[in-house]
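First the structure, then my questions, so here it is.
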Protein chains: 6
Amino acid sequence: MADIWLPSLITDTPQAGFELAITLSRKGVRYTQSDPEVLKKLRPAYAEDADALIASSQVVAINFQTIAAANDYWRK
Amino acid sequence: MADIWLPSLITDTPQAGFELAITLSRKGVRYTQSDPEVLKKLRPAYAEDADALIASSQVVAINFQTIAAANDYWRK
Amino acid sequence: MADIWLPSLITDTPQAGFELAITLSRKGVRYTQSDPEVLKKLRPAYAEDADALIASSQVVAINFQTIAAANDYWRK
Amino acid sequence: MADIWLPSLITDTPQAGFELAITLSRKGVRYTQSDPEVLKKLRPAYAEDADALIASSQVVAINFQTIAAANDYWRK
Amino acid sequence: MADIWLPSLITDTPQAGFELAITLSRKGVRYTQSDPEVLKKLRPAYAEDADALIASSQVVAINFQTIAAANDYWRK
Amino acid sequence: MADIWLPSLITDTPQAGFELAITLSRKGVRYTQSDPEVLKKLRPAYAEDADALIASSQVVAINFQTIAAANDYWRK
């Protein structure tokens with residue numbers, strides 16, 4: 001993973017921050033399972049499983065806490 | 001997802017903040033599974049499952065932490 | 001849900017804050033499953049299941065973090 | 001639950017704070033299931049189950065975050 | 001549990017803080033199940049179970065948040 | 001574990017911080033199961049299991065919160 005995929009936690013808008021939280025959540029998976037073939041095979045299993053979707057949404061929520069704090073909640 | 005659904009984390013009241021936390025939790029699911037037909041099919045399965053309801057409530061709680069902090073807990 | 005059930009996060013005592021955390025946790029469930037009949041049917045299943053009780057206690061703990069911070073931990 | 005069981009989050013030592021975190025975790029369970037007979041019946045099931053013990057330890061960890069912050073981490 | 005096992009959250013290094021987080025996580029388990037014979041019996045079951053290992057690592061991560069904050073992230 | 005593997009939480013970039021979060025998550029596992037043979041045997045089981053991958057990603061997210069705060073979110 002030599003390429004730069006996370007140059008900054010700062011985003012212009014809350015929505016861009018939420019999308020970055022999704023990127024972080026997916027990267028967390030990919031560092032453990034880097035084979036795109038395996039990931040592709042797993043995808044239908046969890047994208048149609050309510051428990052897995054809720055668990056994914058929880059990881060996004062945790063990463064969004066970090067990004068929102070980094071951006072001082074886009075208050076200004 | 002070109003439309004703007006999260007212009008700000010600021011809400012007028014704690015209750016509006018809690019409702020925004022619910023929106024964020026649902027969006028976290030929809031970024032993973034965007035097909036409304038699949039989501040509709042899954043809904044009865046988790047809306048009548050105690051574990052899934054508690055897990056959903058947990059994601060809401062995490063997102064509410066973020067929104068409450070953003071609003072300085074509506075202290076003023 | 002037009003009625004106001006969360007006018008403030010401020011409580012007089014830590015114990016009242018903990019009870020508000022329980023209210024928030026239950027509301028998180030009710031926004032997903034609003035039918036009181038279904039909720040009533042599910043209750044015995046999770047109130048007598050150790051895993052579900054621990055999971056519920058976890059949601060309360062997360063909401064209590066938010067409320068305790070809002071009240072500056074009732075330090076004064 | 002008219003009696004006062006949580007007058008303050010402040011404790012003299014980190015260890016007393018950790019023990020208060022355990023009290024909070026148990027209270028979170030008891031607000032959902034208040035029947036001592038049911039709780040007694042469930043206890044062996046989760047006290048001898050590794051997953052339930054780890055989950056309990058997680059709730060304690062979350063409550064300890066709150067109490068440690070309330071006590072400014074007993075730094076002074 | 002009359003003995004003092006947590007006199008302070010302050011450690012000299014991040015690594016010592018991480019090890020203290022592990023101690024806290026184990027103590028959280030022992031307050032629920034204090035019988036060393038039962039704990040010994042459970043150990044192989046979870047130490048060779050991927051889900052339990054990940055869950056344990058999560059409790060450590062939560063406790064490490066607390067200890068790292070207490071130490072101001074060992075910044076100085 | 002006499003060697004020093006965590007001298008600091010400070011990293012040059014957010015991405016290096018994310019990678020350190022992965023290291024912390026793995027260390028949390030290794031303190032519970034230190035036998036590399038067992039870990040090797042478990043790896044395929046969870047690296048091809050969607051739930052375990054999401055759970056791993058959650059631990060990384062929690063550790064990244066700590067590291068991001070330590071680095072003041074790499075704001076400067």
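Looking at (1) within 11 Å of chain A (Cβ to nearest Cβ); (2) at pLDDT 95 or above, find the lone condition where B:THR11 falls short.
Condition not satisfied by B:THR11: (1).
What pairs come up if the first residue lies in the stretch B:62-76 and is within 12 Å of A:ALA69 (Cβ to Cβ) and touching a residue at least 60 places away in the same chain (Cβ under 8 Å), the second is in a helix (DSSP H, G or I) and β-branched (Val, Ile, Thr), and their beta carbons are under 8 Å apart, counting only those six or more places apart or on different chains?
Short answer, once both residue conditions are applied: none.
Right, another one. Only one residue in A:LEU24, A:LEU20, A:LEU42 is assigned to a helix (DSSP H, G or I) and without any contact (Cβ under 8 Å) to a residue 12 or more places away in the chain. Which one? Working first, answer last.
Values: A:LEU24 fails: without any contact (Cβ under 8 Å) to a residue 12 or more places away in the chain; A:LEU20 fails: without any contact (Cβ under 8 Å) to a residue 12 or more places away in the chain.
Selected residue: A:LEU42, the only one of A:LEU24, A:LEU20, A:LEU42 that is assigned to a helix (DSSP H, G or I) and without any contact (Cβ under 8 Å) to a residue 12 or more places away in the chain.
Kindly provide the set of residues from the stretch D:24-48 that are touching a Leu at 6+ places or on another chain (Cβ under 8 Å) and either of a type in the set (Gly, Ala, Ser) or farther than 16 Å from C:THR66 by Cα (or both), ordered by number.
Residues of the stretch D:24-48 that are touching a Leu at 6+ places or on another chain (Cβ under 8 Å), as a first pass: D:24, D:27, D:29-30, D:32-33, D:42, D:46-48.
Residues satisfying the conditions are D:LYS27, D:VAL29, D:ARG30, D:THR32, D:GLN33, D:LEU42, D:TYR46, D:ALA47, D:GLU48.
Scan the stretch C:37-70 for residues that are among the polar types (S, T, N, Q) and either in contact with a His (Cβ under 6 Å, 6 or more places away or on another chain) or more than 8 Å from chain B (Cβ to nearest Cβ) (or both) and jot them down.
Just the residues of the stretch C:37-70 that are among the polar types (S, T, N, Q), to begin with: C:56-58, C:63, C:65-66.
Listed by number, the list holds a single entry, C:SER57.
Filter the stretch B:1-17 down to residues that are touching a helix residue (DSSP H, G or I) at 6+ places or on another chain (Cβ under 6 Å) and not in a loop (DSSP other than H, G, I, E, B) and give me whichever is surrounded by the most Cβ atoms within 10 Å (Cβ to Cβ).
Ranking the qualifying residues of the stretch B:1-17, first place goes to B:PRO14.
Each row is one residue, and each column tells you yes or no for (1) more than 18 Å from the chain's Cα centre (by Cα); (2) aliphatic (A, V, I, L, M); (3) modelled with pLDDT of 90 or more.
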site: A:VAL38; (1), (2), (3): yes, yes, yes
site: A:ARG43; (1), (2), (3): no, no, no
site: A:ASP51; (1), (2), (3): no, no, yes
site: A:VAL59; (1), (2), (3): no, yes, yes
site: A:THR66; (1), (2), (3): no, no, yes
site: A:ALA69; (1), (2), (3): no, yes, yes
site: A:ASP72; (1), (2), (3): yes, no, yes
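Is at least one residue of the stretch C:51-67 among the small types (Gly, Ala, Ser) and over 14 Å from D:SER25 (Cα atoms)? Spell out the reasoning first.
Start the filter on the stretch C:51-67 by keeping residues that are among the small types (Gly, Ala, Ser), which leaves C:52, C:55-57, C:61.
Those left that are additionally over 14 Å from D:SER25 (Cα atoms): none.
No, the stretch C:51-67 contains no residue that is among the small types (Gly, Ala, Ser) and over 14 Å from D:SER25 (Cα atoms).
A follow-up question, please. Would you mind stating whether B:SER34 is more than 7 Å from every other protein chain (Cβ to nearest Cβ), of a type outside the set (Phe, Trp, Tyr), closer than 19 Å to A:ALA61 by Cβ and surrounded by fewer than 16 Cβ atoms within 10 Å (Cβ to Cβ)?
Details: more than 7 Å from every other protein chain (Cβ to nearest Cβ): yes; of a type outside the set (Phe, Trp, Tyr): yes; closer than 19 Å to A:ALA61 by Cβ: yes; surrounded by fewer than 16 Cβ atoms within 10 Å (Cβ to Cβ): yes.
Yes.
The values are calculated or read from the model by the stated rules, or taken from the named source; none is laboratory data. This is a predicted model, so every value here is computed, not measured. Neighbour counts are summed over all protein chains in view; Cβ atoms, including those assigned to glycine, are modelled from backbone coordinates with ideal geometry.
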